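Laboratory data are not the source of any read-out in this text; all were calculated from the coordinates shown. Quantities reported herein were computed from a predicted structural model and do not represent experimental measurements. When we count neighbours, we look across all protein chains shown, and the Cβ atoms used for this are built from the backbone with ideal geometry, even at glycine.
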Amino acid sequence: MNETEAGRLVAQAQGAWDREEWLRAAELYERVLAHYPDEEPSAAWWYDAALAHKFLRNWAKAYELGREAAARAPRGQGDPAYWNLGIAATIRREWAAARDAWEGFGIELPDGEGQIDGDFGVACVRLHTGGEQEVVWIRRLCPTRGRVLNVPVSKGRRFGEIVVHDGVPNGERTYGGGTAAVFDELLRFEPSELPTLHVSVHAPAAEDIDALVESFFARDFGAEPASAFHLICGCCSTGTVDYEEKGTPAHAGTQKVWLAAPEAEARALLDAWAAEGAAQDRRTWSGLEPVG
């Protein structure tokens, strides 16, 4: 392949990229890179080819081409080639490569080998399930993995599962003077064994609901009252949402609560919660059922 032919294919690849024809763009770049892997613009071609396969969720190719892109990127300067490689390596459980990628990006990791299970703070992730979207809070275990801290209401999703999220924020949430980025989910990395249940509860005061939630979280289970949910449009979801400005509906009264716990233990915790309430205005619960 001569330089003229290579230039023509690169132009076609860029056109396919602009049309979001990711597979076509990647194939064209790879044809050129087979002959010109180390020319001055080759690093950008490797990066775009790897990114196209990331968009296609072809993690084997994203990893293969991402390694080539990262090998031609400066270390410690936040180059996105390392971030995309870190995602692909994590999904493929190539832990040594993932660690090297995050360090190449410029992130300090906890000491050790293998899977990264650190504390990278909290963030939000937009779950994608069967056309539905739900934003949940996560505890980040590494730059791209997080454990779900809410009890999702989306069918098939669970408290405690681990998800892999993208690297570019797509919205933000503010609460208590802090700001958390909202990332889009790429895939569910590890499922959770805890089933999701729902129950109807009567709480005389907001503090009663708080006590119920705390009793479940003290056992590493989850509890999510309906009054904690905010329904917003898709457009607003990708912007900034201030939970304090939106306000929180009153916790008191009768409402549905989603729970993440084995059913027998959930019943025991609900009974204990009800028994601890004030005699004059009792806490009650009914209708505990698994969510399908």
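Numbers for the structure displayed
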| quantity | calculated |
| --- | --- |
| 25 °C / 0.890 mPa s Stokes-Einstein diffusion coefficient of segment 122-190, Kirkwood radius on C-alpha pairs, µm²/s | 208 |
| Mean residue ellipticity (222 nm) of the chain, computed from DSSP H runs ≥ 4 via -39,500 (n - 2.57), nearest 500 | -11500 deg cm²/dmol |
| Dipole moment magnitude, nearest 20 debye, the chain about Cα centre, only Lys, Arg, Asp, Glu C-beta charged | 560 |
| From phi via Karplus (6.51, -1.76, 1.60), per-residue ³J(HN,Hα) for segment 26-35 in Hz, x at Gly/Pro | 5, 4, 5, 4, 5, 4, 5, 5, 4, 10 |
| Stokes-Einstein diffusion coefficient of the chain, Kirkwood radius over Cα pairs, 20 °C, 1.002 mPa s, in µm²/s | 99 |
| Angle between the chain longest axis and helix 263-275 axis [Cα atoms, degrees, rounded to 10] | 40 |
| Angle between the chain longest axis and helix 3-18 axis [Cα atoms, degrees, rounded to 10] | 20 |
| Partner aspartates and glutamates for Lys256 [C-alpha distance under 19 Å; skip if fewer than 8 residues away on the same chain] | Glu134, Glu207, Asp208, Asp210, Glu214, Glu224, Glu265, Asp271, Asp281, Glu289 |
| The chain: angle of helix 42-55 to the longest principal axis, Cα-based, in degrees nearest 10 | 40 |
| Cross-link partners of Lys54 among aspartates and glutamates (Cα-Cα below 17 Å; sequence separation of 8 or more within a chain) | Asp18, Glu20, Glu21, Glu27, Glu30, Glu64, Glu68, Asp79, Glu94, Asp166, Asp184, Glu185 |
| Under the Karplus curve 6.51 cos²θ - 1.76 cosθ + 1.60, θ = phi - 60°, whole-Hz ³J(HN,Hα) for segment 179-188, x wherever Gly or Pro sits | 10, 10, 6, 10, 10, 8, 5, 9, 6, 8 |
| Dipole magnitude of segment 1-87, debye to nearest 20 (Cβ charges: Lys/Arg +1, Asp/Glu -1, about Cα centre) | 340 |
